[in-house]
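First up is the structure itself, then whatever we jot down about it.
The values are calculated or read from the model by the stated rules, or taken from the named source; none is laboratory data. Keep in mind it's a predicted model, so treat the numbers as computed, not measured. Because the Cβ atoms are built from the backbone with ideal geometry, glycine has one as well, and the counts that use them run over all protein chains shown.
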Ligand code: SF4
Ligand code: SF4
């Protein structure tokens, strides 16, 4: 089948035509009836794997409830991009769940879920980033079952999340906090350790994290009744690396292809799977593998979406309104490089050192815990590798990091890579700003075409 | 000016700077007139600290990671190439790792100060400095309404706020702002002499009640005690725009203390004296009281 972008109704025509799909698959339109109205405004990749991917994403709540009913232990891993979920999935009968994912509910439900209103009522207004929807979800208990245990990182994290998580705890949902130090450059006399990207970091900070993860390991043991041995953790890391490898392959194939082999929207969803596995690590692996197969097949057959002259755009930060990902292609651009704030979850976790040491390295490699300069360095490296022609930094309304990082990243990228940069702000429902976003994307394309 | 070190937070012991041969300068004590306009999305207080650092002509500047805004503003400042120390302040405090981090950061600060031209730490002097440091007595109050002030750090424009409050026969009897009374450490001199790192980590970090800590129950426990001890009648919370840390806690403060509460958001560029809306709100608040 030649790839193209289709409506949700058209994608639903695949229903019943693909054998061997899991039970959670059904017509996507059923979710519209449940309130996911944004689906009617989005365009989707027309492949069978896209159909499965979207079904997987949109059934997380049901699958979590089934897991609860089946007696699984559910751990809410908050403000954690790829560390505690790895530990959690190492433990039998336990699943990690990512409450932060409520970030996208206001968009998907076009605000009809009332989560932002709930947050407003609790004094968490639009001066906070869209993650405030998570607070609403804890209040309504409608979007996910309350986890059995909440584990949240603190320290070098955004103020938005830290403040909201504190409110959640004060509402009677106990949280186990762990300390994520601000990762700094080592001083000349300090012992260092290489992070996942090879850059040196202070060894002492690595030791702090090992201590923290040792504490969490004991907690997990106590709560689940399972011995969280090095052996099972190592197996969990191996599994996680498989997922990371698949995502890596997917990104490389998509970014380095001659034309669009996967729309930006589906790539964003695929990246999200890799950090928390959408509450099912086995299914995540199958889906990512099939996505890799699909895009490789498209490359081999020269099947592209749209024409090959699309401007190659590197995108920084996730978009609160998924529709904006579609717009990129509508205005003659394609996604070639991303930093959706979890690039560290792409790197392989070392398998040749004790597992807690390896996980500590993974946590330290999160560029959100160091500075925007370090983040920009990775972005520049990727831009040069991929050949991205422009950079878009999407600002997240209210986010405590966004007022600072845009300036730093854009200056460094302009200087190091010599490509044009724009910043756009994307709220959860960007409809009123679409003209503005469209003009900015089109102008960016025009500038690239002139250069 | 070259022997001065500018610091920005309650977690940085000025005495520690002093025993390395530098004169500590609290950013808060600097002239704030240089700051005319705050930027979108940035806590004006954090931005003010950034401007103060830019204007400072001393040996070095010390920022902390206490909140994300401060952590990130220090990065902007570091791009100027200035001598900067960013002290990592853990948000958690109930575990040994966090206390260990603070102690290590004191040691790292010490090395930094020595490399910046300071001396080896004079620990004897440290004890003397704390001997002379007295916690202020609670203010004496007559028939005035007793107010607890909370929120972002008080800066010199607050004298306008204090005057306005006094005009309504009220007095600030508890300064629970970010760098107010709660930020004054309680140091055990004997322990300080025995193990300065551990005692400073306890007094300046582990026992420091702070709304930004996770969890922040220490803050509420202390305030609750003080509100009761001082018979507080009402609470005024002044937050800075874009400060999530304080902003998120307003409903909780209201709920826990069950006292009349006035919350307002103010930029550092606007003096309360010139804010007619605030004046009206204060008037109405005190009338209701
Ligand atoms: S979007 Fe930014 S501000 Fe919001 S929770 Fe994520 S990291 Fe924090
Ligand atoms: S007022 Fe708020 S944002 Fe500003 S420095 Fe204090 S805690 Fe940080």
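Quick grid of which residues meet (1) within 16 Å of ligand 2 (Cβ to nearest atom); (2) farther than 17 Å from residue A:277 by Cβ; (3) away from chain B (no Cβ under 14 Å):
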| site | (1), (2), (3) |
| --- | --- |
| A:59 | no, no, yes |
| A:62 | no, no, yes |
| A:76 | no, no, yes |
| A:104 | no, no, yes |
| A:115 | no, yes, yes |
| A:129 | yes, yes, no |
| A:147 | no, no, yes |
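Going by what's in this entry, would residue A:14 be described as crowded, with 20+ Cβ neighbours inside 10 Å and in a loop (DSSP other than H, G, I, E, B)?
On the way: crowded, with 20+ Cβ neighbours inside 10 Å: yes; in a loop (DSSP other than H, G, I, E, B): yes.
Taking the combined requirement at face value, the residue satisfies it.
Within the stretch A:343-353, can one find any residue that is part of a loop (DSSP other than H, G, I, E, B), within 16 Å of ligand 2 (Cβ to nearest atom) and within 18 Å of the chain's Cα centre (by Cα)? Give the derivation first.
Here is the first cut: in the stretch A:343-353, the residues part of a loop (DSSP other than H, G, I, E, B) are A:347-353.
Of the ones still in play, those that are also within 16 Å of ligand 2 (Cβ to nearest atom) are none.
No: the stretch A:343-353 contains no residue that is part of a loop (DSSP other than H, G, I, E, B), within 16 Å of ligand 2 (Cβ to nearest atom) and within 18 Å of the chain's Cα centre (by Cα).
Of the conditions (1) within 14 Å of chain A (Cβ to nearest Cβ); (2) under 20 Å from the mean Cα position of the chain (by Cα), residue B:112 clears all except one; give me its number.
Of everything listed in (1) within 14 Å of chain A (Cβ to nearest Cβ); (2) under 20 Å from the mean Cα position of the chain (by Cα), residue B:112 misses just condition (2).
Going by the conditions given, is residue B:98 at the interface with chain A (Cβ under 7 Å from one of its Cβ atoms), modelled with pLDDT of 95 or more and assigned to a helix (DSSP H, G or I)?
Values: at the interface with chain A (Cβ under 7 Å from one of its Cβ atoms): yes; modelled with pLDDT of 95 or more: yes; assigned to a helix (DSSP H, G or I): yes.
So residue B:98 passes the test.
Let me spell it out: the conditions are (1) under 18 Å from the mean Cα position of the chain (by Cα); (2) within 14 Å of another protein chain (Cβ to nearest Cβ); (3) not in a helix (DSSP H, G or I), and residue A:398 meets all of them except one. Which number is the exception?
Answer for residue A:398: the failing condition is (1).
Considering only the stretch A:92-149, state which residues are free of Cβ contacts under 8 Å to residues at least 24 places away in the same chain and part of a loop (DSSP other than H, G, I, E, B).
A:123, A:125, A:141
Matching residues to (1) surrounded by fewer than 18 Cβ atoms within 10 Å (Cβ to Cβ); (2) within 23 Å of residue A:174 (Cβ to Cβ); (3) within 23 Å of the chain's Cα centre (by Cα); (4) modelled with pLDDT under 95:
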{"residue": "A:10", "(1), (2), (3), (4)": "yes, no, no, no"}
{"residue": "A:18", "(1), (2), (3), (4)": "yes, no, no, yes"}
{"residue": "A:24", "(1), (2), (3), (4)": "yes, no, yes, no"}
{"residue": "A:41", "(1), (2), (3), (4)": "yes, no, yes, no"}
{"residue": "A:56", "(1), (2), (3), (4)": "no, no, yes, no"}
{"residue": "A:75", "(1), (2), (3), (4)": "no, yes, yes, no"}
{"residue": "A:93", "(1), (2), (3), (4)": "yes, yes, no, no"}
{"residue": "A:96", "(1), (2), (3), (4)": "no, yes, yes, yes"}
{"residue": "A:108", "(1), (2), (3), (4)": "no, no, yes, yes"}
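Would you pick out the residues in the stretch A:159-174 that are at the interface with another protein chain (Cβ under 7 Å from one of its Cβ atoms) and in contact with a strand residue (DSSP E or B) (Cβ under 7 Å, 6 or more places away or on another chain)?
Result: A:162, A:169.
Given the structure, is residue A:307 part of a loop (DSSP other than H, G, I, E, B) and either at pLDDT 95 or above or over 19 Å from the mean Cα position of the chain (by Cα) (or both)?
Values: part of a loop (DSSP other than H, G, I, E, B): yes; either at pLDDT 95 or above or over 19 Å from the mean Cα position of the chain (by Cα) (or both): yes.
When the stated conditions are applied, residue A:307 passes them.
Could you tell me which of the residues B:5, B:25, B:61 is more than 14 Å from every other protein chain (Cβ to nearest Cβ), assigned to a strand (DSSP E or B) and touching a residue at least 60 places away in the same chain (Cβ under 8 Å)? Even if it seems obvious, please write down each step before you answer.
Numbers: B:25 fails: touching a residue at least 60 places away in the same chain (Cβ under 8 Å); B:61 fails: touching a residue at least 60 places away in the same chain (Cβ under 8 Å).
Answer to the check: B:5.
In this structure, is residue A:250 away from chain B (no Cβ under 14 Å), in contact with a helix residue (DSSP H, G or I) (Cβ under 7 Å, 6 or more places away or on another chain) and either at pLDDT below 95 or surrounded by fewer than 16 Cβ atoms within 10 Å (Cβ to Cβ) (or both)?
Numbers: away from chain B (no Cβ under 14 Å): yes; in contact with a helix residue (DSSP H, G or I) (Cβ under 7 Å, 6 or more places away or on another chain): yes; either at pLDDT below 95 or surrounded by fewer than 16 Cβ atoms within 10 Å (Cβ to Cβ) (or both): no.
So residue A:250 does not fit the description; no.
Which residues, taken from the stretch B:80-95, are at the interface with chain A (Cβ under 7 Å from one of its Cβ atoms) and either in a helix (DSSP H, G or I) or within 25 Å of residue A:403 (Cβ to Cβ) (or both)?
So in the stretch B:80-95, the residues at the interface with chain A (Cβ under 7 Å from one of its Cβ atoms) come out as B:86, B:88, B:90-92, B:95.
Scanning the stretch B:80-95 gives B:86, B:88, B:90, B:91.
With the condition being away from ligand 1 (no atom under 16 Å from the Cβ) and either at negative phi or away from chain A (no Cβ under 14 Å) (or both), I'd like the helices (runs of 4 or more DSSP H) fully within the stretch B:211-289 carrying at least 3 qualifying residues.
Values: elements: B:217-229, B:244-247, B:250-257, B:276-288.
Ranges flagged: B:217-229, B:250-257, B:276-288.
Outside any loop (DSSP other than H, G, I, E, B), facing another protein chain (nearest Cβ under 10 Å) and either within 14 Å of ligand 2 (Cβ to nearest atom) or at pLDDT 95 or above (or both), is that true of residue B:52? Walk me through it before giving the result.
Working: outside any loop (DSSP other than H, G, I, E, B): yes; facing another protein chain (nearest Cβ under 10 Å): no; either within 14 Å of ligand 2 (Cβ to nearest atom) or at pLDDT 95 or above (or both): yes.
In short, no.
Out of all the residues in the stretch A:180-189, is one or more more than 8 Å from chain B (Cβ to nearest Cβ), at pLDDT 95 or above, more than 14 Å from ligand 1 (Cβ to nearest atom) and farther than 21 Å from residue A:360 by Cα?
No, the stretch A:180-189 contains no residue that is more than 8 Å from chain B (Cβ to nearest Cβ), at pLDDT 95 or above, more than 14 Å from ligand 1 (Cβ to nearest atom) and farther than 21 Å from residue A:360 by Cα.
Tell me which residues, restricted to the stretch B:227-242, are within 16 Å of ligand 2 (Cβ to nearest atom), farther than 17 Å from residue B:180 by Cα and surrounded by fewer than 24 Cβ atoms within 10 Å (Cβ to Cβ).
Here is the first cut: in the stretch B:227-242, the residues within 16 Å of ligand 2 (Cβ to nearest atom) are B:236-242.
After this cut, where a residue has to be farther than 17 Å from residue B:180 by Cα as well, the list is B:241-242.
The answer is B:241, and nothing else.
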